[in-house]
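Here's the structure we're looking at; comments come further down.
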Amino acid sequence: MAEAVTALNEELMTTLQKETFVILNTVDADTGAPCVNAISWVYAKDEGTIRFAVDGRSRIIANIKAKPQAAVSLFAAGSFHAVYGDVRVVTEELAGVPFKLACVDVLVREVRDAMFYGSRVSIVPEYEKTYDKRAADKLDGQVFEAMKKA
């Protein structure tokens, strides 16, 4: 049996140092069922911490307050990875951002390659923002700067 990996490796760190989207999995506060969201305001603070920002009114915040565990899944290094961890709200409101965003840390407990056997990701999914590019770039800059200072 392979030894458990308990920190982000260099390839995951590199992926999480630039804008990317991840799939965030939480436990629904009311039903206990899995809750899945795609988010892009995310980065690796260090090898043991993934930080993200979401609307403070988001169901995600209610979920992690009720059950402070999450999985962050992402495409990197030709595979699909799942990062499991304990979650804590760093701040309910990021300073310097024009609306209320909460800042959250996922403290890495385990990292797994979640790709099915005998396969490799050949093309990483891409996304595009559907609103004003200049406004999106400005907001992204504000959010990432605020997350780094939180």
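A38 - would you say it is among the small types (G, A, S) and under 13 Å from the mean Cα position of the chain (by Cα)? Before the answer, list the steps.
Values: among the small types (G, A, S): yes; under 13 Å from the mean Cα position of the chain (by Cα): yes.
The answer is yes for A38.
Table: residues versus (1) assigned to a loop (DSSP other than H, G, I, E, B); (2) touching a helix residue (DSSP H, G or I) at 6+ places or on another chain (Cβ under 8 Å).
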{"site": "F80", "(1), (2)": "no, no"}
{"site": "V87", "(1), (2)": "no, yes"}
{"site": "E93", "(1), (2)": "yes, no"}
{"site": "V97", "(1), (2)": "yes, yes"}
{"site": "E110", "(1), (2)": "no, no"}
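So which residues in region 41-59 are polar (S, T, N, Q) and under 13 Å from the mean Cα position of the chain (by Cα)? Give the steps one after another, and end with the answer.
First, pick out the residues of region 41-59 that are polar (S, T, N, Q): 49, 58.
Scanning region 41-59 gives a single hit, T49.
When you go through (1) in a strand (DSSP E or B); (2) farther than 16 Å from F75 by Cα; (3) polar (S, T, N, Q) one by one for N37, which number turns out not to apply?
Evaluating N37 over (1) in a strand (DSSP E or B); (2) farther than 16 Å from F75 by Cα; (3) polar (S, T, N, Q) leaves (2) as the failure.
Output the qualifying pairs, or none if there are none: Cβ atoms under 6 angstrom, residues six or more apart or on different chains, first residue in region 55-82 and within 23 Å of F99 (Cβ to Cβ) and free of Cβ contacts under 8 Å to residues at least 60 places away in the same chain, second residue crowded, with 17+ Cβ neighbours inside 10 Å and of a type in the set (G, A, S).
From region 55-82, the pairs are G56/A102; I61/A102.
Looking at region 118-147 only, could you name the residues that are in a helix (DSSP H, G or I) and free of Cβ contacts under 8 Å to residues at least 60 places away in the same chain? Let's see the steps before the verdict.
Step one: list which residues in region 118-147 are in a helix (DSSP H, G or I), which gives 133-147.
Scanning region 118-147 gives K133, R134, A135, A136, D137, K138, L139, G141, Q142, E145.
Coordinate-derived values only; no laboratory data. What you see is a predicted model, and the numbers here were worked out from it, not measured in a lab. Please note: Cβ atoms are built from the backbone with ideal geometry, for glycine as well, and neighbour counts cover all protein chains shown.
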